[in-house]
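Participant: Sharing a structure below in structure tokens format, with a few things to ask.
Values in this text are rule-based calculations from the coordinates and carry no lab data. Here the structure is a predicted model, which means the values were calculated and not measured. Every residue, glycine as well, gets a Cβ built from its backbone with ideal geometry; the counts of neighbours run over all protein chains shown.
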Amino acid sequence: AAAGLGPARPFLARRPGALRALLGLARGLAAGPQTHFGFQNVSEEERREKIYQVFENVAEKYDVMNDSMTLGIHRVWKDILVHKMNPSPGTLLVDVAGGTGDIAFRFINYVRSVRERQLQQKLKRHQNLSWQEISKSYEEERVKPLGDSQVVVCDINKEMLKVGKQRAQHLGYSEGLSWVLGNAEELPFDDDKFDVYTIAFGIRNVTRIDLALQEAYRVLKPGGRFLCLEFSHVSNPLLSRLYDLYSFQVIPVLGEIIAGDWKSYQYLVESIRRFPPQEELKEMIEDAGFFKVDYQNLSSGIVAIHSGFKL
Amino acid sequence: GRAGLSRGRPREEEDEEEEEEEVMMEAEGGFPLYPGHIPTSPLQKALLAAGSALAALRDPYRHDMVAVLGETTGCLALPSLRDKMKHHPEGYRILQERPRIRLSTLDMERLRGLPDGTLGREYVRFLEDNKVSPDTRMPAKFVDDEELAYVIQRYREVHDLMHTLLGMPTNMLGEIVVKWFEAVQTGLPMCILGAAFGPVRLNTRKLQVLATELVPWAIRSGRNASCILNIYYEQRWEQSVESLREEIGILPPP
């Protein structure tokens, strides 16, 4: 279709919207339902493939890039998510699009420290324990440091899971951690299985967000909690302009310098702009059946945590 | 239910078109002019130049960063090179025909079969001895003119031939000498920076040889020689390296 536009191209080049519309139309006549990849219009299948490739390319440098782009602040956002979750020992978490394990590791750390405090409290309360009983409780701590808590990391991309497993090994995480290859739109899990479902910086890359939300609802136990951490909409006009400037001018450059990959990071900033803002996402979550849906803005709306419950 | 399904889909087409146009203009400096072209704003070019310079200094083996540095800083040198080519009959032909030096376009067997001392034979020997291939050259991305993108591409592809003509291997020392020659020849800031900062990583013995013999020779040759981009190398495989050196004006290596 593009070839057929040969002589018309210079004219159309000065009207980018027109050219895009024509190309989009041509592609649309060929492929299935239309959706977007950053600012391009593509078919759903094409979008899934392109996104898979983006993460295949960036997997190795994913964590370095996150630190560079957000100047390390992404770590704070993720800490806040897990603190909001406030998991107790025995919680079963599924972290979808969990790729390199950031949320999973934080969950494990949190539960471990809660468990330690629990055991310490128990010891303090029973100061008349015999020495046998005290050493039995040490044994308990050793055998069950997480108190039966478990996290399943689910991601659609093999490369990201690979990096995640390597990190886990490197950092010494093994207990209570599982890695599953799966699609957020069609999770390989049974109904009513998990206490908490998280998706951090992943739902933006899902092609059918409605399906992902429905799946989240399905796999959660009644009383289970849905938590979503994602880039959102900045309403403050000055901050918004600075944010746009930084996103479009600096981030692709960082991608080129650090990861040798401009295009993936151009996609990243475009996909953030395409994603529904806070209220719209809240409504989508309610539509999937969740109750008491709420959101919390972080960093003036650059990022938001949405929360909902299955009752 | 159904309401949820419709909201799950992306926003309406009209919204998208407008949003697209607006942010497209903001995000990029224009429209791609050749395959692989990434249009960039002046700010982005400045950031790329600074970032790639630092990255290349940290890790000299990041050829992609050296390439990016060349593209983002060549805005004065590249047009002047292109004009030199335009005003020379052989250079003009190269600009018209746009030959590319790649394994797929070279007949390696034939070149290997040429007599010793010819450009073709020595070039293949150079590639094999140093275990390099002409296919590892990065395509241009950030040059905002299609003809200039070719000029820098040609410069990159001719680099190995420079090694052959100057008789320099691909170790740190050899690369620096070739960079000095190229810096004088092309005026590309990337070559100048590479030539100036490359020696930082050499030990004193090598630095001495560099300073006393190799660099002065490279500079003299660079000055004396005609523009190296004006030679249609692909038509001169049978020419002997010595005669080609004389023709261009490269002084015999020390």
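Participant: Compute the angle between helix A:262-274 and the longest alpha-carbon principal axis of chain A, please, reported from 0 to 90 degrees and rounded to the nearest 10.
Facilitator: 80
Participant: Would you please give the residues with an amide H less than 5 Å from that of A:LEU92, counting only those at least 5 places away or on a separate chain, with H modeled from the backbone geometry?
Facilitator: Sorted by chain and number, the residues that satisfy this are A:GLN150, A:ASP195, A:VAL196.
Participant: Let me ask you something else. Shielding by partners for A:48-59, please: the mean number of other protein chain Cβ atoms within 10 Å of each residue's Cβ. Intermediate values should be presented prior to the final figure.
Facilitator: Details: counts 0, 0, 0, 0, 0, 0, 0, 0, 0, 0, 0, 0.
Averaged over the peptide's residues, the number is 0.
Participant: Go ahead and run the numbers for FRET between A:GLU175 and A:ASP67, Cβ-Cβ distance against an R0 of 25 Å, rounding to 0.05.
Facilitator: 0.40
Participant: Further question on the same structure: How much length is gained on full extension from A:GLN166 to A:GLU279, taking 0.36 nm per residue of separation minus their Cα-Cα distance?
Facilitator: 36.9 nm
Participant: Give the average, rounded to an integer, of partner chain Cβ atoms located within 10 angstrom of each Cβ in A:205-214. Can you show the working numbers first?
Facilitator: Numbers: counts 0, 1, 3, 3, 5, 7, 3, 1, 3, 3.
Per residue, the average neighbour count from other chains is 3.
Participant: Packing-wise, with mean Cβ within 10 Å as the measure, how do A:155-161, A:140-146, B:214-220, A:82-88 rank, highest first?
Facilitator: A:155-161, B:214-220, A:82-88, A:140-146
Participant: Please give the length that would be gained between B:SER133 and B:LEU76 if that part of the chain were fully extended, namely 0.36 nm times their separation in residues minus their C-alpha to C-alpha distance (nm, one decimal).
Facilitator: The B:SER133-B:LEU76 span can extend by a further 17.6 nm.
Participant: Return the lysines within reach of A:LYS263: Cα separation strictly under 24 angstrom, same-chain partners fewer than 8 residues apart disregarded; answer none if there are no such residues.
Facilitator: Output for A:LYS263: A:LYS50, A:LYS61, A:LYS158, A:LYS162, B:LYS45, B:LYS141.
Participant: Report, in deg cm²/dmol and to the nearest 500, the calculated mean residue ellipticity at 222 nm for chain B, where each DSSP H run with n ≥ 4 adds -39500 (n - 2.57) and the sum is divided by the residue count.
Facilitator: Value at 222 nm, helices only: -18500 deg cm²/dmol.
Participant: In addition: Which residue fluctuates the most in chain A, going by a Gaussian network model with Cα springs under 10 Å, if the choices are A:ASN205, A:ASN128, A:ASN57?
Facilitator: With Cα springs under 10 Å in chain A, the top fluctuation among A:ASN205, A:ASN128, A:ASN57 is at A:ASN128.
Participant: Which translational diffusion coefficient, to the nearest whole µm²/s, is obtained for the range A:44-310 from the Stokes-Einstein equation, given a Kirkwood hydrodynamic radius over C-alpha pairs, 25 °C and 0.890 mPa s? Mind dumping the intermediate values first?
Facilitator: Working: Rh = 19.6 Å.
Once the numbers are plugged in, D ends up at 125 µm²/s.
Participant: Please give the charge dipole size of the range A:44-310, origin at the Cα centre, charges +1 on K and R Cβ atoms and -1 on D and E Cβ atoms. Round to the nearest 20 debye. Numbers along the way, then the final one.
Facilitator: Values: 34 positive and 39 negative charges, 209 e Å.
About 1000 debye.
Participant: Taking 0.36 nm per residue of sequence separation and subtracting the Cα-Cα distance, how much length would be gained by fully extending the chain between A:LYS193 and A:ASN236, in nm to one decimal? If you can, show how the numbers build up before the last one.
Facilitator: On the way: separation 43, 0.36 × 43 = 15.48 nm, distance 4.01 nm.
Computed gain between A:LYS193 and A:ASN236 is 11.5 nm.
Participant: Please work out the FRET efficiency for the pair A:ASP148 and A:GLN296, using the Cβ-Cβ distance as r and a Förster radius of 25 Å; give the result to the nearest 0.05. Don't jump to the answer; show the numbers that get you there.
Facilitator: Details: r = 29 Å, r/R0 = 1.15.
Calculated value: 0.30.
Participant: Separation between the B:ARG93 and B:GLU147 pseudo-spin-labels, each 7 Å from Cα along Cα→Cβ, expressed in nm?
Facilitator: 1.9
Participant: Next question. Just want the answer: with Cβ charges of +1 for Lys and Arg and -1 for Asp and Glu, which residue in A:LEU242, A:VAL206, A:TRP179 is farthest toward the dipole's positive end in the range A:175-311?
Facilitator: Toward the positive end, the furthest listed residue is A:LEU242.
Participant: Can you tell me the FRET efficiency between B:GLU246 and B:ARG62 if r is taken as the Cβ-Cβ distance and R0 is 35 Å, rounded to the nearest 0.05?
Facilitator: Values: r = 37 Å, r/R0 = 1.04.
After rounding to 0.05, the efficiency reads 0.45.
Participant: Another question about this same structure. Angle, helix B:172-186 long axis vs. longest principal axis of chain B, Cα atoms, 0 to 90°, nearest 10?
Facilitator: Rounded to the nearest ten degrees, it is 80.
Participant: Short version: ³J(HN,Hα) in whole Hz for each residue of the range B:239-248, in order, from phi by Karplus 6.51 cos²θ - 1.76 cosθ + 1.60 (θ = phi - 60°), x for Gly and Pro, what are they?
Facilitator: Values, residue by residue: 5, 6, 4, 4, 5, 5, 4, 4, 4, 6 Hz.
Participant: Using +1 at the C-beta of Lys and Arg and -1 at the C-beta of Asp and Glu, which of B:GLN153, B:GLY91, B:PRO199 has the Cα lying farthest in the positive direction of the dipole of chain B?
Facilitator: Of the options given, the answer is B:PRO199.
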